[in-house]
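Rule-based calculations on the coordinates, nothing more; no lab input. The model shown is predicted, which means the values in this text are computed figures rather than measured ones. Cβ placement follows ideal geometry from the backbone for every residue including glycine, while neighbour counts extend to all protein chains displayed.
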Amino acid sequence: MENRQWKYKIGSGKTPVVLSLIMFAIFGGVTGWLYSENNGAFLFTGLFSAILLALVIATVYRLAFCKVLIGKDGFYYQTGPGNGKFYAYTQVEKAWIHSGEAQNRAQEDYCNIEIPGIPVIRFQFFYADEKAVNYLIKRIEAAEREHSAEEYLIDGKVFGKTRIVLGIVLLIVIAFVDTVIIKTSGLVLMVIPGIVMALYVLISLVNSNLFFKVKIEETGFYCQTNPFNGQYYPYSEITACRRIKKVVRNRRPRQAENPRYYFFFEFTDSGGATRKFQFEDQIHGHEVDVLKQRIETRR
């Protein structure tokens, strides 16, 4: 890699690291002061400090190890210590850019690169990186290769491990805060909802990472959302399908104007059974569009 000439470099900037460090310093300082004053509010500021510390670690990690280096004959992709690898453009099966809405309504852009034998390479990019990504896509499209049947995969492994780690951190922090509350007040019932919610989130993240999968093939697709319900559906057996965009508004008047968006894909088979799965539009919106188009044109 060291001897190659790179035309573009895409990576995480220093701004997220600086901002997260500033916020951690503020909340950490307030937590220390409240603790020294024997003020019980340090538990709540400490919770935010722990979350911000995890954010600091994540942004520093991304700055140090996450990068895409783009050259004339291929690109170098790295997401962690020692796992960087160079890929020639001729190895790439297909590549595409997808823009979609996140839950907070922000428009996010992702570059997706499919290479046979490995999970889809997928990274977010911003306006400053558009020229680099467009160059990457053009070089891939210009490369000579043998095209095979196009298959797509939707799964929960995108950012899955990172989310699980954050879920574990959240569970540990809540457990610590609840332990202090029980020792100081003895209110056991008060802490149960927080633990239950944190466990539910963590179990959902683990299930999504390990078992959620929608594999889109030429003649049909395989859908699995938990360890026990995997099933293959020929497109000819699907009688209806649709994208669903669910808007959830906050009950608080001040936050009602900032709803969260959740996206689902629903389909009905020839036996009348209806199934649906949730997806993130900014990450897997393109694959869902492909699935919907294939169902509508081949059923």
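Sequence-distant contacts, meaning Cα pairs under 8 Å at least 6 residues apart, place the relative contact order of the chain at 14 percent. Selection among 48, 284, 59 by position relative to the dipole of the chain gives 48 as farthest towards the positive end (Cβ unit charges, Cα centre).
When the chain is treated as a GNM with alpha-carbon contacts under 10 Å, the residue of 130, 37, 150 showing the greatest mean-square fluctuation is 37. Spin-label model, residue 105/residue 249: points 7 Å from Cα along the beta carbon direction are separated by 1.1 nm. By the Cα gyration tensor, region 212-298 has an equivalent ellipsoid whose semi-axes, rounded to whole angstrom, run 28, 13, 12 from largest to smallest. What are the DSSP H helices in the chain that stretch 30 Å or more along their long axis, judged by alpha-carbon atoms, and whose average Kyte-Doolittle hydropathy comes to at least 1.0? Those that clear 30 Å and a mean of 1.0 are 15-36, 42-65, 160-185, 188-210. Charges were assigned to the Cβ only: +1 to each Lys and Arg, -1 to each Asp and Glu. The resulting dipole of region 1-82 about its Cα centre is roughly 500 debye. Rounded to the nearest 20 debye, the dipole size of the chain about its Cα centre is 560 debye, using +1 on the Cβ of Lys and Arg and -1 on the Cβ of Asp and Glu. Share of Cα-Cα pairs in region 154-299 beyond 28 Å, in percent? In whole percent, the long-distance tail amounts to 37. Simple rule: put +1 on each Lys or Arg Cβ and -1 on each Asp or Glu Cβ in the chain, find the dipole, and look at 120, 110, 19; the Cα lying farthest toward the positive end is 19.
The chain has equivalent-ellipsoid semi-axes of 38, 29, 16 Å, by the square roots of 5 times the alpha carbon gyration tensor eigenvalues, sorted largest first.
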